[in-house]
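Computed from the coordinates by the stated procedures, all read-outs in this text should not be read as laboratory data. Keep in mind that this is a model prediction, so the values were computed, not measured. Because the Cβ atoms are built from the backbone with ideal geometry, glycine has one as well, and the counts that use them run over all protein chains shown.
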Amino acid sequence: MSEVVNVDVKLGVNKFHVDEGHPHIILKDNPDMNEYRKLVNACPAGLYKLEDDGSIRFDSAGCLECGTCKFLCGETILEKWEYPRGTFGIEYRYG
Amino acid sequence: MSEESFDAIIVGAGLAGCVAAYVLAKEGADVLVIERGNYAGSKNMTGGRLYAHSLEKIIPGFAKEAPIERKVTKEKVTFLTDDTGVTLDYHNGRDQTAVEESYTLLRGDFDQWLMGKAEEVGAQFITGIRVEEILTQDGKVIGVKADGDELTAKSVILAEGVNPVLGEQLGMVKRVKSDAMAVGAKELIELPQKVIQDRFNLNDDEGCAWLFAGSPANGLMGGGFIYTNKSSVSLGIVCGLHDIGSSDKTVPQMLEDFKNHAMIKPLIEGGKLIEYSGHVVPEAGIHMVPKLVDDGVLITGDAAGFCLNIGYTVRGMDLAIASGEAAAKAVLAAREKNDFSAQGLSSYQTLLEDSFIMKDLKLYKELPKFMENPRIFNEYPKMVADIMQSMFTVDGTPSQPIRKTLMKHCKEVGYMNLIKDGIKGVTSI
């Protein structure tokens, strides 16, 4: 029953207004990996990625603005968490 | 500083915000709603079901004109393991009064309609503006700063949702520990109306609300859900954040596996994903309710932690609506006395205490702790599946009395655990 999920494909059907150059979530440099792994597991958008070589890759562009990472790791490894500026970010057509 | 001063500025055009605006404007108050998205509902999502009672009292007969999807007449609860499912299936064919009914809905349409109702009675509404800061003077809230502009108001109603950035900024909301929160992920899957009705055994405008405990959340606190809409199904999972670090599956993977479960897959076969959404869900009940009112400010809806997960029902929207109404009434009372201090707005607290909101939150105050019990999501689904399998398997070996079969499977969980959880479960609901 286990097919590996491709979240990027799912995000692809959503409507986003990306605020180029103004990321609304910024990770601290060299984040604690135990904390980071929580976000790898929890982020519904799969934005916190672990590469095969163990390096990390994060991009706030497909963010669903759900707040999970703020509640899980707000103090530990997030440099900044805020909502995107007005009009930007996810736009749910159905919700 | 702007010259204009509103009776209330409402931050957020979700259900609490829209309802507060409607109730205030209807009584002639000057009210402005500020929404950071491009339209009301553009940042909002729901699992999918509204219990009608609280909105019915404010806009009687709303379901006749509002963009609801289906009226829920079928309730299902399933204990799911990776390869089994045991379901309780209830069809409600009895007549219900309007306040007893519940509907599946999608927030994009619904919130826009509700905001439209508020605008019809005179509420002002601006979109695409993010409130960055609440303005205070001598400890009293006097307005908001949004996109660099300062707007003053006699009161501010925070209806900013489950992640109350501004409530935290004011120190009214203490950041709850992540173990009080869950995350939900949902797919909206488009299917022809006829197919939905056939697969879920529904008549024309009937809908199904279906909750799943067990394997959808990979054995963590949480579960799965399916709500049928007109020509789509809302399918998702909710997973407690408590132990997420030790999960061997990601949340998106849990959702994918749930979709591919042999029991679920045929229901959505051929469907097309049209939206993928995610949101934090407040799970701590009354334990996370913040300071609700202060000088010039009130907190409503999800931002106030007004959410009830009772296992077989999940409620938030009816609480948001009722709290938006209560906040509006409190502002109207303050306006009458021209006293927008915490004291002047204190009827908010009283209205909430007297309403189902605080009463229900208090009634279920032990439930969040009970729900952390991993047996509910691991051992009990397996136990009922094992019992069913024993009952329904005929292989020619001599049959055992059912009592013995039951006892054998109960023993695996442990009689003491069963008794303990039974008592705790019953006393917490």
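Of note:
- Theoretical ellipticity at 222 nm over the protein assembly as shown - DSSP helices of four or more residues, -39500 (n - 2.57) apiece, nearest 500: -9000 deg cm²/dmol
- In this simple spin-label model, placing a label point 7 Å from the Cα along the Cα-to-Cβ direction at both B:Ala262 and B:Arg375 gives a separation of 2.8 nm.
- With R₀ set to 22 Å, the beta-carbon distance separating B:Gln124 from A:His22 gives a calculated FRET efficiency near 0.20.
- Quotient of the Cα radius of gyration of chain B and 2.2 N^0.38 Å, N being its number of residues: 1.05.
- Karplus 3J(HN,Hα) series, Hz, for the range B:405-413 with 6.51 cos²θ - 1.76 cosθ + 1.60 (x for Gly, Pro): 4, 4, 5, 4, 6, 5, 4, 4, 7
- For the range B:396-429 and the range B:154-206, distance of Cα centres in Å: 35
- Most mobile of B:Thr152, B:Thr313, B:Thr228 in a GNM of chain B (Cα contacts under 10 Å): B:Thr313
- Taken along its three principal axes, the alpha carbon spread of the range B:179-282 comes to 42, 26, 22 Å, from the longest extent down to the shortest.
- The convex hull defined by the C-alpha atoms of the range A:1-52 has an orientation-averaged projected area of 5.4 nm².
- Hull volume in cubic angstrom per residue (convex hull over the Cα atoms of the range B:106-255): 162
- Diagonalising the gyration tensor over the Cα atoms of the range B:1-83 and scaling each eigenvalue by 5 before taking the square root yields semi-axes of 34, 18, 10 Å, largest first.
- Per-residue Cβ neighbour rank within 10 angstrom, fewest leading, A:Trp81, B:Trp210: A:Trp81, B:Trp210
- Residue-count net charge about A:Gly46 - beta-carbon cut-off 9 Å; Lys, Arg +1, Asp, Glu -1: +1
- Packing-based exposure ordering (other Cβ within 10 Å, fewest first) of B:Lys140, B:Lys259: B:Lys140, B:Lys259
- Estimated vicinal HN-Hα couplings, Hz - the range B:245-250 in sequence order (Karplus 6.51, -1.76, 1.60; Gly, Pro = x): x, 9, 5, 8, 10, 7
- Semi-axes of the equivalent ellipsoid for the protein assembly as shown, computed as √(5λ) from the eigenvalues of its C-alpha gyration tensor and ordered from largest down, come to 39, 26, 23 Å.
- Long-range amide H partners of B:Ala213 with built H, under 5 Å: B:Thr78, B:Phe79, B:Leu80, B:Gly224
- Phi to ³J(HN,Hα) by Karplus 6.51 cos²θ - 1.76 cosθ + 1.60 over the range A:11-21, Hz, x for Gly, Pro: 4, x, 7, 7, 9, 10, 10, 7, 8, 3, x
- Over the C-alpha trace of the range B:268-331, radius of gyration and Dmax come out as 15.7, 55 angstrom.
- Compared with the alpha-carbon gap, the fully stretched path from B:Asp248 to B:Ser355 is longer by 34.3 nm at 0.36 nm per residue.
- Normalising the Debye intensity of chain A to I(0), with uniform scatterers on Cα atoms only, and taking log10 at q = 0.19, 0.22 Å⁻¹ returns -0.96, -1.23.
- Number of partner chain Cβ atoms within 10 Å, mean per residue of B:277-285: 5
- Centre-to-centre separation between the Cα atoms of the range B:9-58 and those of the range B:235-289: 26 Å.
- Among B:104-116, B:378-390, the order from most to least packed when residues are scored by Cβ within 10 Å on average: B:104-116, B:378-390
- Helix axis angle, B:107-120 relative to chain B longest principal axis, alpha carbon, degrees: 30
- Pairs exceeding a 24 Å alpha-carbon distance, out of B:Lys369/B:Lys420; B:Lys177/B:Lys365; B:Lys76/B:Lys265; B:Lys177/B:Lys259; B:Lys382/B:Lys420: B:Lys177/B:Lys259.
- B:Asp198/A:Glu75 FRET efficiency (R0 56 Å; Cβ-Cβ; nearest 0.05): 0.65
- Listed pairs A:Lys80/B:Lys186; B:Lys74/B:Lys230; A:Lys70/B:Lys174 exceeding 18 Å between Cα atoms: A:Lys80/B:Lys186
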